[in-house]
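Data first, discussion second: the structure below is written as structure tokens.
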Amino acid sequence: MPNEAPLPHRIDNTPAHTADAEHVREAAEHELRTIFLDVKPSHVAFILPQIDYSVFGEFAARTQRACETLQQWLRIPYRTDCFGADHDKRREWRRDFRARYGKVGIDLLKIWSENKYRGNVIERPNVFINGLQIAFEDTAGLEELGAQLGEVWDSDEMVRSLAHSDTMELEERERLIQNVENRVVAVLECLVKYAEGKPTILHTESQRPGDMHAAK
């Protein structure tokens, strides 16, 4: 059986192919810049301070990951491509792009697909925030914090609507996503204040309920 011809533009990582790989990357990036017509930065930003996650007990690592992921999510820009509402054409182009540029194209497409207009990107905060809320509400000493997260976030319906709507005007979509951004910031502020021992958004007493360090 004759050897199959390699897919076009598939480049390995050996030194002999370095120049070719750079050429393929430049070509792929040029094509992406022609496909994506506009890029807008996020409307809000949040600088996550160094905090002691141990106050969240068994959920310390999980809370840290959630905070870092939400901070990264806030940085994701808004990207508008040339396909508009033609999702079939967009999917066809993505398949073709991956086939033509191989691993280089796959890696670049992951970066350029980080776009707040996309449904799966919009839903990302929901997964982390709801997960923390449920975990805290079921844990002695963290119940009130869990309830507070639910009140501050309270965006499930809006996020689902945004993620699954194909007919909403882009301006209205962006306005609602900005609302989601603001609520993500409010959740992060709530978690940071709790970790720092400060009154959270809805709790104004000097001592947090169930504070592990209150007796010290």
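Please treat every number below as a calculation from the coordinates, not as lab data. Not measured: the values here are computed from a predicted model. Note that each Cβ is placed from the backbone with ideal geometry, even for glycine, and that neighbours are counted across all protein chains shown.
For labels at ASN179 and GLU22 in the simple 7 Å Cα→Cβ model, what's the distance in nm?
The two pseudo-label positions are separated by 4.9 nm.
For the range 29-130, what is the relative contact order in percent, using Cα pairs closer than 8 Å and at least 6 residues apart in sequence?
It comes to 33 percent, rounded to a whole number.
Compute the FRET efficiency between GLN72 and ASP138 as 1/(1 + (r/R0)^6), taking r as their Cβ-Cβ distance and R0 = 35 Å, and round to the nearest 0.05.
Approximately 0.85, to the nearest 0.05.
Tell me, CYS67, CYS190 in order of fewest to most beta-carbon neighbours within 10 Å?
Ordered by Cβ neighbours within 10 Å, fewest first: CYS190, CYS67.
Can you list the lysines whose alpha carbon sits under 19 Å from that of LYS116, skipping same-chain ones fewer than 8 residues off?
LYS40
If we count every other residue with Cβ under 12 angstrom of ASP107's Cβ, Lys/Arg +1 and Asp/Glu -1, where does the sum land?
+3
Taking the Cβ of LEU170 as the centre, find all other residues whose Cβ is under 13 Å away and add up their charges (Lys, Arg: +1; Asp, Glu: -1).
Combined, the nearby Lys, Arg, Asp and Glu give -1.
When we measure straight from the Cα of LYS193, which lysines land under 25 angstrom away, once same-chain ones fewer than 8 places off are left out?
LYS216
Select from the range 111-186 those GluC sites (Glu not before Pro) which occupy a DSSP coil region and have at most 10 other Cβ atoms within 10 Å, ordered by residue number.
Hits after loop and neighbour filter: GLU169.
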